[in-house]
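Below: one structure, written as structure tokens.
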Amino acid sequence: MSLNSPLGIFGGTFDPIHMGHIYPIMEAAQQTQISSIALMPNFLPGHKQAAHSSSAHRLAMVKLVCAQYPVFYPEPWEIEQASVSYSVETLISFRQRYPNTPLCFFIGSDSLYSLPTWHRWQELLTLCHFVVCQRQCDVALYQSSPHWPILQQLLSQHQTIEVAELHNKLAGNIYVANTQEINLSSSQIRALLAKGECPSDVLPSAIYQYIEQYKLYQKTTNI
């Protein structure tokens with residue numbers, strides 16, 4: 001069976017989307033030679049509280065990022081489901097839509113370490129590859145967790161350093177990319193915006209302008 005070029009998938013609440021989301025994914029995409037990434041805002045993530053801004057606003061901000069960085073395209077699938085977003089269900093849908101396309105699911109190393117807590121996590125590597133963007137982690141802390149033996153086994157069975165493995169198989173590998181850490185979170189940005197401070201250096205210009213236009217994340221704003 002001849003396979004298509006791999007499709008990247010990067011999901012998140014994106015509340016708001018910021019440079020800490022964008023740059024590591026672009027860096028990992030370059031390393032893995034993946035030229036198309038679905039940028040997919042959650043409707044309601046299974047492991048977090050509800051978003052502070054509406055689905056419409058978060059999707060609109062994602063579209064602005066995609067217009068600025070062509071490696072991304074906006075994917076509204078999870079928002080359109082209007083229900084809790086579970087990665088396994090999203091990946092089943094993508095696999096049905098793209099039966100001959102390797103799917104590369106981009107995550108941070110923190111998500112890798114929490115993988116055994118995900119809904120139906122055992123199915124995920126039958127549906128996709130994982131591309132892991134490294135973040136600074138306390139390895140000793142993770143090694144002391146009850147999930148560490150499972151992760152060790154997963155990595156021993158599935159980790160690869162060969163980019164070709166992501167292109168020549170539909171699913172089943174874990175590739176750890178060498179990406180620069182950006183110590184930044186959406187909650188930190190929301191806190192700054194709520195205080196009237198200007199985190200324009202950590203937001204794409206179009207996103208900052210959008211937030212200003214619609215008065216998002218201000219203390220009196222709840223939309």
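Values in this text are rule-based calculations from the coordinates and carry no lab data. Here the structure is a predicted model, which means the values were calculated and not measured. Backbone-built Cβ (ideal geometry, glycine too); neighbour counts: all protein chains shown.
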Residue 162-residue 147 pseudo-label distance in nm [points 7 Å out on the Cα-to-Cβ vector]: 2.9
What's the angle, to the nearest 10 degrees (0 to 90), between helix 19-32's Cα axis and the longest principal axis of the chain? 30
Cα-centred dipole magnitude for the chain, charges only on beta-carbon of K, R (+1) and D, E (-1), debye, nearest 20: 380
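For a test of understanding, tell me how many lysine pairs in the chain have Cα atoms under 23 Å apart, given they are 8 or more places apart or on different chains.
Going through the chain pair by pair, I get 5.
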Return, for the Cα atoms of the chain, the radius of gyration and Dmax in Å, separated by a comma. 17.4, 56
To check you understand DSSP bridge types, tell me what percent of the beta bridges within the stretch 7-183 (both residues inside) are antiparallel, rounded to 5. 0
Helix 205-214 axis, angle to the chain major axis (alpha carbon atoms, nearest 10°): 50
From the backbone phi of the stretch 162-176, what are the Karplus-calculated ³J(HN,Hα) couplings (6.51 cos²θ - 1.76 cosθ + 1.60, θ = phi - 60°) in whole Hz, Gly and Pro given as x? 9, 4, 4, 4, 6, 9, 9, 10, 6, 6, x, 10, 10, 10, 9
For the stretch 7-183, with +1 on Lys and Arg beta carbons and -1 on Asp and Glu, the positive-most of 103, 40, 83 along the dipole: 83
Cα-based helix-to-principal-axis angle, 87-97 vs the chain, degrees rounded to 10: 70
Amide H neighbours of residue 42 under 5 Å, at least 5 residues apart or on other chains, H built in the peptide plane: list them. 12, 13
Mind listing the phi-derived Karplus ³J(HN,Hα) values for the stretch 183-189, rounded to whole Hz, using 6.51, -1.76 and 1.60 with θ = phi - 60°, and x for any glycine or proline? 7, 7, 9, 4, 5, 5, 5
Once you put a point 7 Å from the Cα of residue 110 and another 7 Å from the Cα of residue 5, both along the Cβ direction, what distance in nm separates them? 3.2
Along the stretch 151-161, Karplus-curve 3J(HN,Hα) (6.51, -1.76, 1.60; θ = phi - 60°) to the nearest Hz, with x for Gly and Pro, reads 5, 4, 5, 4, 5, 5, 8, 10, 6, 9, 10
